[in-house]
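Visitor: Let me begin by handing over the structure; questions about it come next.
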Amino acid sequence: MKKKIILLVASFGVITACAFSLGLEKVTHFGTSFADGVNYDLVFSETKNVLTSSTSLDSGVSTAVTNLENDVDCEYGNAKHEKGSWITLENGYIANCTAVNDISKIFINVSSGSIDVLTGSYANNVISYDKCINVTGESSLDIDQGISHFKLAGSGVIESLAFKYNCASGVTTDITTVSLKGNGSEAYPFEVDNKQAWDAISTMTQNSDFAGKYIEITDDIEGITTKIGNYQTGFAGVLNGNGNTISLNYSFGGGVANQGLIGHLKSGGILKNLVLTGSLSSTSTSGDLNIGPAVGVLSGGRVEDVSSFVNVSVKSFVVGGVVGKTDSSSVIKNCVFDGSFTFGGTSTTNISLGGIVGIANGTIENCINKTDFSVTGVQVGGIAGKGENTNFVSCTNYGNITTSSNNVDTSKTGLGGIAGLANYGSIKGCKNYGKIEATNATMVGGIGGKICDGETLEDTTNYGEVKGKGQVGGLGGRVKGGSDVHIKFKNCVNLGNVNQTATGDSSVAGFAGFAQYIDFDHCVNGEESSSEKGVITTSGNHTGTNNQGMGGLFPYGEHITADYCVNYAPIQGNCSEVGGLGGKSNACSFTNCTNSGEIKGTNYVGGIVGRIVEGGTYTNNTNIGHIICSGANKGQIYGQKNGTVTEAGNIENGSIN
């Protein structure tokens, strides 16, 4: 039986091929020198030379070792080496070797070419080549067990590498060659154009973070099942897809953390210019899991220009259509999700799900979700499930999102067109066009379900319909700042119709379903040319003792300032405390605000505010809308006032019925 290896040895310390093939010149004896640029067949012979501790391998001389007995060990100096270790070379001598059963090993020592050592093992008519080492010239390549470890230094260029290979007795077969052109530098990046090459890169990155290394995808790749990097090491290299498509075929079991094309992309790492298709499914129901088709967890790295059409199927945890979770200083830019989500879990206590990212911390810029999804979750958003210290810039949601959250603490649930929860960050230039509806979540908003702790919203618009049972708003469900950290709305618009579906207590508005410590500046609910946009309504009979009311900006507000804000839309509900800007207010200030919409309620109905609970300032406000109220407390500026109210320059040009 003959097994053949083809070696193409080039100058400058460069490996240009190391694969199984039909060769040109046969080498059937040992002691052969290898010239640069020549193909060789290395043929196994039946020589039986046993190396001892004193055996020397001179430069340019090849030596074979065959049929070492089970109890034979090799010694080097006074060191004895146990079975199972590989034979290595040190200064031209055997440094350690161990025979395992009836295994033969071949060594080639070449000083003039670039291949120093090639080892193979032969036992029971099965041959497997496991190591191809180049340690000369300017390059250094180290591959163990079919490419389980890889190092390249210097200017060498690798064009192909061979995997571990087995063949039956009497059969000569060519091995599949893995194309890896390049040396990983920016000038000569590793080039990957097939699944085998991807698997090789995947294995290389399990023991190295690839910092300073560059990978380029040069063709579409189908059926990827392995990922780049691992949780401990991470990936800090640059992966450029060049606009090519990778089709995923991921199926992860229990407890596999950071699931995605790149498991952990850390500081310095970049993933860009890539299209993802296929599927990612996870059956895990426990553990610290971050699931995203492109990246599991992004900690300080960048994901840019990635489009995900992946079908994602999960049971719980942190899930995104592109990235699972980001940490501080991370950036996701120009990314799109147009795949699908399938949620098959029974426990909903841990899920944070977003069209782009599950949990965000950093910057999300110019990203788009086009996917409709209906899930059972705690924090769900068209762009991010949860955004902490996150800047959302020019992001858009087109997806219709429906969620229920049974059997969870509903005080923690949030559903929004941009983010389920957002705090300590900003939302600027963002838009929601999707319908946002929650059957049980308490905080529902066209932009954010829960917005708190110093968040800033600017130049942001909701166009989508918003429906929910709890605190429901065209932009935010529950919006709550602090006395020292107000939430700011500037130049924001709601054009979506907002409906509160629960009976009992009403809490619904064009901007915030619940409001504390907020500054509104030049904000608009509805459209001057249409009475069908920004309409605020309730369903059922709202006579609860804790009724929060209805308003163009908020239903109930504490410590609110509103400057140059306008409501054009009808606000109609079967409840009390209804106003064109606010339902009822506590220590609020309205300046230069206008209502032109029809305002209807059962009692405490006003053109600016339905009921002033405790003082405030009302200056230069105008009502030109029609007020409809069956109760006694109604007015063009307010329905009823309590406490010390400062008024000046208000204009009443509307009507009351």
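The values are calculated or read from the model by the stated rules, or taken from the named source; none is laboratory data. It should be emphasised that the depicted structure is a prediction, and the values quoted were computed from it without experimental measurement. Heads up, the Cβs are rebuilt from the backbone with ideal geometry, glycines too, and the neighbour counts pull from every protein chain shown. Note: areas computed on protein heavy atoms with side chains; ligands, DNA, RNA excluded. Shrake-Rupley method; radii C 1.70, N 1.55, O 1.52, S 1.80 Å.
Visitor: What residue, of 470, 482, is at pLDDT below 95, touching a Ser or Thr at 6+ places or on another chain (Cβ under 8 Å) and either more than 13 Å from residue 427 (Cα to Cα) or among the polar types (S, T, N, Q) (or both)?
Guide: Details: 482 fails: touching a Ser or Thr at 6+ places or on another chain (Cβ under 8 Å).
Of 470, 482, the one residue that is at pLDDT below 95, touching a Ser or Thr at 6+ places or on another chain (Cβ under 8 Å) and either more than 13 Å from residue 427 (Cα to Cα) or among the polar types (S, T, N, Q) (or both) is 470.
Visitor: Within the stretch 618-634, is even one residue over 18 Å from residue 479 (Cβ atoms), of a type in the set (D, E, K, R) and either within 49 Å of the chain's Cα centre (by Cα) or at pLDDT 95 or above (or both)? Give the steps one after another, and end with the answer.
Guide: Filtering the stretch 618-634 down to residues over 18 Å from residue 479 (Cβ atoms) leaves 618-634.
If we keep only those that are of a type in the set (D, E, K, R) too, we end up with 634.
Remaining after also requiring either within 49 Å of the chain's Cα centre (by Cα) or at pLDDT 95 or above (or both): 634.
So far as the stretch 618-634 goes, yes, one or more of its residues are over 18 Å from residue 479 (Cβ atoms), of a type in the set (D, E, K, R) and either within 49 Å of the chain's Cα centre (by Cα) or at pLDDT 95 or above (or both).
Visitor: I'm trying to understand the selection: among the residues of the stretch 229-259, which are at pLDDT 95 or above, aliphatic (A, V, I, L, M) and within 21 Å of residue 289 (Cα to Cα)?
Guide: Correct list: 236, 248.
Visitor: Also, I was wondering about something else. Just to verify a result, which residue in the stretch 268-291, among those that are in a loop (DSSP other than H, G, I, E, B) and at pLDDT below 95, is nearest to residue 332 (Cα to Cα)?
Guide: Our first condition is that a residue be in a loop (DSSP other than H, G, I, E, B); within the stretch 268-291, this holds for 268-269, 283-289.
Next, from what is left, pick out any that are at pLDDT below 95: 283-289.
Values: 283: 27, 284: 26, 285: 27, 286: 27, 287: 25, 288: 22, 289: 19 Å.
Filtering the stretch 268-291 for residues that are in a loop (DSSP other than H, G, I, E, B) and at pLDDT below 95, the one nearest to residue 332 (Cα to Cα) comes out as 289.
Visitor: Can you pull out every residue in the stretch 208-252 that is small (Gly, Ala, Ser) and within 16 Å of the chain's Cα centre (by Cα)? Outline the logic, then answer.
Guide: Applying the first criterion (small (Gly, Ala, Ser)) to the stretch 208-252 yields 208, 211-212, 223, 229, 234, 236-237, 241, 243, 247, 251.
Those that are small (Gly, Ala, Ser) and within 16 Å of the chain's Cα centre (by Cα): 229, 234, 236.
Visitor: Exactly one of these conditions fails for residue 180: (1) at pLDDT 90 or above; (2) crowded, with 23+ Cβ neighbours inside 10 Å. Give me its number.
Guide: (1)
Visitor: Got a sec? Which of 315, 272, 325, 370 is closer than 25 Å to residue 465 by Cα and touching a strand residue (DSSP E or B) at 6+ places or on another chain (Cβ under 9 Å)? Before the answer, list the steps.
Guide: Values: 315 fails: closer than 25 Å to residue 465 by Cα; 272 fails: closer than 25 Å to residue 465 by Cα; 325 fails: closer than 25 Å to residue 465 by Cα.
Checking each option against the conditions leaves just 370.
Visitor: Now a separate question. Can you pull out the residues in the stretch 477-494 that are in a loop (DSSP other than H, G, I, E, B) and farther than 15 Å from residue 552 by Cα? It would help to see each step written out before you state the result.
Guide: Restricting attention to the stretch 477-494, the residues satisfying the condition of being in a loop (DSSP other than H, G, I, E, B) are 481-486, 491-492.
481, 482, 483, 484, 485, 486 - these are the residues of the stretch 477-494 that are in a loop (DSSP other than H, G, I, E, B) and farther than 15 Å from residue 552 by Cα.
Visitor: Same structure again: In the set 246, 224, 270, which member is without any contact (Cβ under 8 Å) to a residue 60 or more places away in the chain, under 25 Å from residue 360 (Cα atoms) and surrounded by fewer than 22 Cβ atoms within 10 Å (Cβ to Cβ)? Let's see the steps before the verdict.
Guide: Working: 246 fails: surrounded by fewer than 22 Cβ atoms within 10 Å (Cβ to Cβ); 224 fails: under 25 Å from residue 360 (Cα atoms).
Unique residue meeting the criteria: 270.
Visitor: Checking the conditions here, which among 257, 236 is open to solvent by 20 Å² or more (accessible area, probe 1.4 Å), aliphatic (A, V, I, L, M) and in contact (Cβ under 8 Å) with a residue 12 or more places away in the chain?
Guide: Numbers: 236 fails: open to solvent by 20 Å² or more (accessible area, probe 1.4 Å).
Exactly one residue qualifies, and that residue is 257.
Visitor: Select from the stretch 463-495 the residues that are of a type in the set (S, T, N, Q) and over 19 Å from residue 564 (Cβ atoms) and write down the one among them that is least open to solvent (accessible area, probe 1.4 Å). Show your work before the answer.
Guide: Just the residues of the stretch 463-495 that are of a type in the set (S, T, N, Q), to begin with: 471, 483, 491, 494.
The next check asks that each one be over 19 Å from residue 564 (Cβ atoms); those that pass are 471, 483.
Working: 471: 39, 483: 90 Å².
Per the criteria, the residue is 471.
Visitor: OK, next. Right, residue 534: touching a strand residue (DSSP E or B) at 6+ places or on another chain (Cβ under 7 Å), under 19 Å from residue 468 (Cβ atoms), modelled with pLDDT under 95 and surrounded by 21 or more Cβ atoms within 10 Å (Cβ to Cβ) or not?
Guide: Working: touching a strand residue (DSSP E or B) at 6+ places or on another chain (Cβ under 7 Å): yes; under 19 Å from residue 468 (Cβ atoms): yes; modelled with pLDDT under 95: no; surrounded by 21 or more Cβ atoms within 10 Å (Cβ to Cβ): yes.
Answer is no for this residue.
Visitor: Applying the selection to the stretch 436-455, what residues are under 15 Å from residue 511 (Cα atoms) and buried (at least 23 other Cβ atoms within 10 Å of the Cβ)? Working first, answer last.
Guide: Residues of the stretch 436-455 that are under 15 Å from residue 511 (Cα atoms), as a first pass: 436, 443-452, 455.
Of everything in the stretch 436-455, those that are under 15 Å from residue 511 (Cα atoms) and buried (at least 23 other Cβ atoms within 10 Å of the Cβ) turn out to be 436, 443, 444, 445, 446, 447, 448, 449, 450, 451, 455.
Visitor: Same structure, new question: Quick check on the stretch 280-324: of everything there that is within 24 Å of residue 209 (Cα to Cα) and among the charged types (D, E, K, R), which residue is least open to solvent (accessible area, probe 1.4 Å)?
Guide: Only one residue fits best here, namely 304.
Visitor: Shifting gears a bit: If you check residue 515 against the conditions, is it under 18 Å from residue 575 (Cβ atoms) and either part of a loop (DSSP other than H, G, I, E, B) or in contact with a helix residue (DSSP H, G or I) (Cβ under 8 Å, 6 or more places away or on another chain) (or both)?
Guide: On the way: under 18 Å from residue 575 (Cβ atoms): yes; either part of a loop (DSSP other than H, G, I, E, B) or in contact with a helix residue (DSSP H, G or I) (Cβ under 8 Å, 6 or more places away or on another chain) (or both): no.
Judged against the criteria, residue 515 is not a match.
Visitor: For the stretch 556-567, what are the residues that are over 18 Å from residue 655 (Cα atoms) and either of a type in the set (A, V, I, L, M) or surrounded by fewer than 23 Cβ atoms within 10 Å (Cβ to Cβ) (or both)? Write out each step before concluding.
Guide: Step one: of the stretch 556-567, the residues over 18 Å from residue 655 (Cα atoms) are 556-565.
Selection gives 558, 559, 560, 561, 562, 563, 564.
Visitor: Kindly state which strands (runs of 3 or more DSSP E) lie completely within the stretch 568-657 and contain at least 1 residues that are surrounded by 17 or more Cβ atoms within 10 Å (Cβ to Cβ), touching a Pro at 6+ places or on another chain (Cβ under 6 Å) and not hydroxyl-bearing (Ser, Thr, Tyr).
Guide: Once the strands (runs of 3 or more DSSP E) in the stretch 568-657 are filtered for at least 1 residues that are surrounded by 17 or more Cβ atoms within 10 Å (Cβ to Cβ), touching a Pro at 6+ places or on another chain (Cβ under 6 Å) and not hydroxyl-bearing (Ser, Thr, Tyr), what remains is 582-591.
Visitor: What number of residues within the stretch 449-489 satisfy the criterion of being β-branched (Val, Ile, Thr), within 16 Å of residue 517 (Cβ to Cβ) and in contact with a strand residue (DSSP E or B) (Cβ under 7 Å, 6 or more places away or on another chain)?
Guide: Residues in the stretch 449-489 being β-branched (Val, Ile, Thr), within 16 Å of residue 517 (Cβ to Cβ) and in contact with a strand residue (DSSP E or B) (Cβ under 7 Å, 6 or more places away or on another chain): 4 in total.
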